[in-house]
Amino acid sequence: MFELTETVPDVDEFCDLRIAAGLSAMDRPAAAAALPRSLHAVSVRDGDRLVAMGRVVGDGLHVQVTDIAVHPEFQGRGLSRLVMESVMAYVHSLPASTIVSLFADVDWLYGKFGFAVPRASTGMMLRR
Ligand SMILES: CC(C)(COP(=O)(O)OP(=O)(O)OC[C@H]1O[C@@H](n2cnc3c(N)ncnc32)[C@H](O)[C@@H]1OP(=O)(O)O)[C@@H](O)C(=O)NCCC(=O)NCCS
C-alpha cells in the first residue's frame, strides 16, 4: 500500500524522481538548500521508495505549486490526485488574497483543481 506523508523528500530521491518522471535535472546542493524552505511538501512511498511528490513554495503572499511528479512505474493509479488533494488543502488554508500559480505541463491535471490560464496576464520564464 502507498503511504502519503506531508514531508519533504530527501535530496537524492527528490532529484532522482524529477529525472525519472521526465522533469529537468536540478542542482543537488541547490535542492538541499531549497527543500527545507518548502511551505508544504508531499511524499508518497511504496515501502521506502519515493514514488510521487509535490511541493508548494513561496512566501504566503505568492505561492507556486511545483515538483508534481509520479514515477512512470506508478502513473495512472491516482497518485497525482492524492498529492494534489494535499497540496490544495494547504493552498485553501491560505488567505484568499494569496496568488497561487504554477507552470503546467499537464493542464488536464491542474484544471481538475480549479487552475485556469489567466486572461489578463501571461506566465513567463527566463531560459538560461
Ligand atoms: C502528470 C502526472 C503527475 C500524473 O500522475 P498520475 O498519478 O499518473 O495521474 P493520476 O492517475 O492521479 O490521474 C489524475 C487524473 O488525471 C486523469 N488523467 C490521467 N492521465 C490523463 C491524460 N493523459 N489526459 C487526461 N486526463 C488524464 C486521470 O483519469 C485522473 O482523473 P480523476 O482523478 O478525475 O479520476 C504524472 O504522469 C507525471 O509525473 N508525469 C511526468 C511529470 C510531469 O509532467 N509533472 C507535471 C509537471 S507540471
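The values are calculated or read from the model by the stated rules, or taken from the named source; none is laboratory data. No experiment lies behind these values; they were computed from the predicted model shown. Every residue, glycine among them, receives a Cβ derived from its backbone with ideal geometry; neighbour counts consider all protein chains shown. The protein model used for the area step is the full one, side chains on, heavy atoms only, and it has no ligands, DNA or RNA in it. Shrake-Rupley method; radii C 1.70, N 1.55, O 1.52, S 1.80 Å.
Projecting the Cα atoms of LEU79, VAL106, GLY22 onto the dipole axis of the chain, where Lys and Arg carry +1 and Asp and Glu carry -1 at the beta carbon, places VAL106 farthest toward the positive end.
Computed from backbone phi, the HN-Hα couplings of the stretch 45-53 come to 10, 10, x, 8, 7, 6, 10, 7, 7 Hz, rounded to whole numbers (Karplus: 6.51 cos²θ - 1.76 cosθ + 1.60, θ = phi - 60°; Gly and Pro given as x).
Taking the stretch 7-57 on its own, what percent of its Cα-Cα pair distances exceed 15 Å?
Of all Cα-Cα distances in the stretch 7-57, 41 percent exceed 15 Å.
Accessible surface computed residue by residue for the chain, with neighbouring protein chains in place and a 1.4 Å probe, gives 63 Å² per residue. Using only Cα coordinates, the Kirkwood hydrodynamic radius of the chain works out to 15.2 Å.
Using a 1.4 Å probe on the protein heavy atoms, what percent of the accessible area of the chain belongs to carbon and sulfur? The value for the chain is 54 percent carbon and sulfur by accessible area. Each residue of the stretch 28-33 was assigned a 3J(HN,Hα) from its phi angle through the Karplus curve 6.51 cos²θ - 1.76 cosθ + 1.60 (θ = phi - 60°); the sequence is 5, x, 5, 5, 4, 6 Hz, with glycine and proline shown as x.
Karplus-based coupling profile of the stretch 113-121, in residue order and whole Hz: 10, x, 6, 9, 5, x, 7, 8, 8, with θ = phi - 60° in 6.51 cos²θ - 1.76 cosθ + 1.60 and x standing for Gly or Pro. Against the longest alpha carbon principal axis of the chain, how many degrees, from 0 to 90 and to the nearest 10, is the axis of helix 79-93 turned? The two axes meet at around 40 degrees.
Measuring from centroid to centroid over Cα atoms, what is the spacing of the stretch 101-128 and the stretch 1-69 in Å? Centre-to-centre (Cα) distance: 19 Å.
Among VAL117, VAL44, VAL57, which one shows the highest mean-square fluctuation when the chain is modelled as a Gaussian network with alpha-carbon springs under 10 Å? Taking springs between Cα atoms under 10 Å, the residue moving most is VAL117. In this structure the amide hydrogen of SER101, modeled in the peptide plane, comes within under 5 Å of the amide hydrogens of VAL63, GLN64, VAL65, none closer than 5 places in sequence on its chain.
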